[in-house]
Structure formats: structure tokens, C-alpha cells
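The block underneath contains the structure these notes are about, expressed in C-alpha cells.
The values are calculated or read from the model by the stated rules, or taken from the named source; none is laboratory data. Note that the coordinates shown come from a computational prediction; the quantities given were computed from them, not determined experimentally. Don't worry about glycine lacking a Cβ; one is built from the backbone with ideal geometry, like all the others, and counts go over all protein chains shown.
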Amino acid sequence: MSRGPRHRFVCRLAWTGQGATTGYRDYGRDLRVDFDGKPSLEASAAPAFRGEGSRHNPEDLMVAALSACHCLSYLAQCARAGVEVVAYEDEATGELALVDGGLQFVDVQLRPRVTLGVGADAARAERLHARAHEACFIARSVNFPVRHEATVTPASGAAGT
């Protein structure tokens, strides 16, 4: 166990679905997650598990957490290395599969698309994705592969474009 700083994150969850758990089809899967000083998050199960499709589900949030953590780790790595990033987008996908009788994530694929500032070193920017992956504490906390397939684009007008 680490001896370094510790950070605590707290939420309160309330089941807001209608019905009672008298049968698997008999109750709503809606949830509300509250965070001090932040908007509440209305969530549900994924539609495949009888949830409300218009609400975020735990699977969405897992993929989003990995995508956001990689982005923030990457931006920090670039800032420290003097690589100017002017835009960052990602299209992340996660896959659940049956493992040992239960569903679990078996893979998440991140596809960040990065646009660099004029004169930024594209090769260095590409290499920093590996360092960002190592630094991402959400990716470091899961037991399945989190892969990234980055596209780094120099700004228009940069040398070589």
C-alpha cells in the first residue's frame, strides 16, 4: 500500500426506480448519484439489463472515466514536455463479455484524436500517449486491457503539412 498522499472521493447513491424486487422484471433500474457541490447524475442500468436508455449507466461511466483520465493524463504530460495541444477528442469503446460465469469488461479501446499547435513535435506527442497511459490512475486500477490508438495531427500551417 502506498505511503504517499491519499485522496477520497465520495458520492451518495439512491435507487429511484419504481416497483419492488419481487421479480427481475418488476422493478425500475433508475438511480440518482449525488456529489457535494456538483450536479446529481441520473443513471440507470444499460438497456440490455432492463434499464432506461436515456440515462447514463455504469458501463458508460466506466468507459468515460478511462477516456477522461487518459485525456487529462495526456494533457499533463504534454504540458510538462512543452508540447502544445490545441484540440483533443476521443471515441472510446468498451466491451463486456462472459468470463467465469459473469459479465465483466474485457477491453477498452481509446481512439484519441489530438491536434497540435504550430511547430509542436508530433513524434514526441505520439510517444506521450504511452506515458499518459502509465500515469492514468483509472487505467492502472482495472484488470482488463485499456488500449489506445492515437491520431496526432499537426496544426494547419505547421512545417511538413
Selection count where residues are within 30 Å of residue 95 (Cβ to Cβ) and in contact with a Gly (Cβ under 8 Å, 6 or more places away or on another chain), scope region 1-25: 2
So, residue 109, is that one out of contact with any strand residue (DSSP E or B) (no Cβ under 7 Å at 6 or more places or on another chain) and either assigned to a strand (DSSP E or B) or polar (S, T, N, Q) (or both) or not? no
Within region 63-86, track down each residue that is exposed (fewer than 13 other Cβ atoms within 10 Å of the Cβ), aliphatic (A, V, I, L, M) and under 19 Å from residue 136 (Cα atoms). 79
Residues located in region 87-106, provided they are in a loop (DSSP other than H, G, I, E, B) and either surrounded by fewer than 14 Cβ atoms within 10 Å (Cβ to Cβ) or in contact (Cβ under 8 Å) with a residue 24 or more places away in the chain (or both): 91, 92, 100, 101
Quick test for you: out of 83, 63, pick the one residue that is in a loop (DSSP other than H, G, I, E, B) and in the same structural domain as residue 126 (by TED's automatic domain parsing). 83
Restricted to region 23-41, and to residues that are free of Cβ contacts under 8 Å to residues at least 24 places away in the same chain and over 19 Å from residue 52 (Cα atoms), which residue is surrounded by the fewest Cβ atoms within 10 Å (Cβ to Cβ)? 37
In the list 45, 92, 20, which residue meets the criterion of being of a type in the set (A, V, I, L, M, F, W, C) and assigned by TED's automatic domain parsing to the domain that holds residue 134? 92
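Take the residues of region 1-17 that are exposed (fewer than 13 other Cβ atoms within 10 Å of the Cβ) and in contact with a strand residue (DSSP E or B) (Cβ under 7 Å, 6 or more places away or on another chain): which is nearest to residue 138 (Cα to Cα)?
Out of the qualifying residues, it is 11.
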Members of region 16-46 that are outside any strand (DSSP E or B) and among the polar types (S, T, N, Q): 16, 18, 21, 22, 44
